[in-house]
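Asker: Below: one structure in structure tokens.
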Amino acid sequence: MVRKTKEEAAETRSRLLDTAEEVFLREGVTRTSLQRIAEAAGLTRGAIYWHFQDKADLFNAMMERVCLPCEEACMLDTRADAAQALREFARQPLERMMEDERTRRVFTIAIHRTEYSEEMRAAFERHLEAMEAFRTQAESIVRRGQAEGDFEARLDSRAASVAMIALIDGLLSRATSAPTGPDELHDAFAAIDLFVAGLTPRPEAGACGSCR
């Protein structure tokens, strides 16, 4: 009987989190009350307080259920040649978000439906840490590519990584602003390919193979 009670409690908690995702996505975090979530879930407000201290606690628990797109990318094996590694590394956050519906919903809420209060700052700081870890790993790939001759040696590797995270952040924001399809992902990948191509070595000014 005790085990069944624990299972039921876990099901109720999951139901509340699922409902919170739907309501937060539709109405925004600030405008959504715990009472609204309870009603949408067909439960009492007391059921929410049994599992969560307040809305911030529920919001943070919802965020913890997913691996953010840039966190997922940092788990990739990036030992391939630098250009290919950087291309796959940059694509991963978009692929993750497009392939996993829960990640897409939660990430959309985090970017477009949340005004971060002090109580929710942990989720915001997690997002910033994930982005910085992504930038740092991108810089490492660029520096390896420079050492191996795949990327222009005169480039500022840190500046290149900042430009890349700005590109990915913008593409993620664009992809979560409105419904997207294969064409949107194709365009995003084309933008990434263009960025990576811009890092490759350029011939010296005035160099011409046919003039030898």
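The values are calculated or read from the model by the stated rules, or taken from the named source; none is laboratory data. This structure is a prediction, so every number in the text was calculated from the model and none was measured. Note: ideal-geometry Cβ built from the backbone for every residue, glycine included; neighbour counts use all protein chains shown. Note: areas computed on protein heavy atoms with side chains; ligands, DNA, RNA excluded. Shrake-Rupley method; radii C 1.70, N 1.55, O 1.52, S 1.80 Å.
Asker: Only one of 21, 27 is in contact with a helix residue (DSSP H, G or I) (Cβ under 7 Å, 6 or more places away or on another chain), of a type outside the set (S, T, N, Q) and within 21 Å of residue 104 (Cα to Cα); which?
Answerer: Only one candidate qualifies: 21.
Asker: Taking the conditions exactly as written (crowded, with 19+ Cβ neighbours inside 10 Å, part of a loop (DSSP other than H, G, I, E, B) and modelled with pLDDT of 90 or more), does residue 106 satisfy them or not?
Answerer: no
Asker: To continue, here is another question. Does any residue of region 68-86 turn out to be surrounded by fewer than 20 Cβ atoms within 10 Å (Cβ to Cβ), in contact with a Leu (Cβ under 7 Å, 6 or more places away or on another chain) and either at pLDDT 90 or above or of a type in the set (Val, Ile, Thr) (or both)?
Answerer: The answer is no, given that none of the residues of region 68-86 is surrounded by fewer than 20 Cβ atoms within 10 Å (Cβ to Cβ), in contact with a Leu (Cβ under 7 Å, 6 or more places away or on another chain) and either at pLDDT 90 or above or of a type in the set (Val, Ile, Thr) (or both).
Asker: Additional query: Answer yes if at least one residue in region 39-55 is assigned to a helix (DSSP H, G or I), open to solvent by less than 40 Å² (accessible area, probe 1.4 Å) and touching a residue at least 40 places away in the same chain (Cβ under 8 Å), and no otherwise.
Answerer: no
Asker: Now for a separate question. Go through region 68-114 and give me each residue that's aliphatic (A, V, I, L, M) and free of Cβ contacts under 8 Å to residues at least 12 places away in the same chain.
Answerer: Of everything in region 68-114, those that are aliphatic (A, V, I, L, M) and free of Cβ contacts under 8 Å to residues at least 12 places away in the same chain turn out to be 75, 80.
Asker: Return the total of residues in region 92-113 being under 25 Å from residue 136 (Cβ atoms) and more than 11 Å from the chain's Cα centre (by Cα).
Answerer: 2
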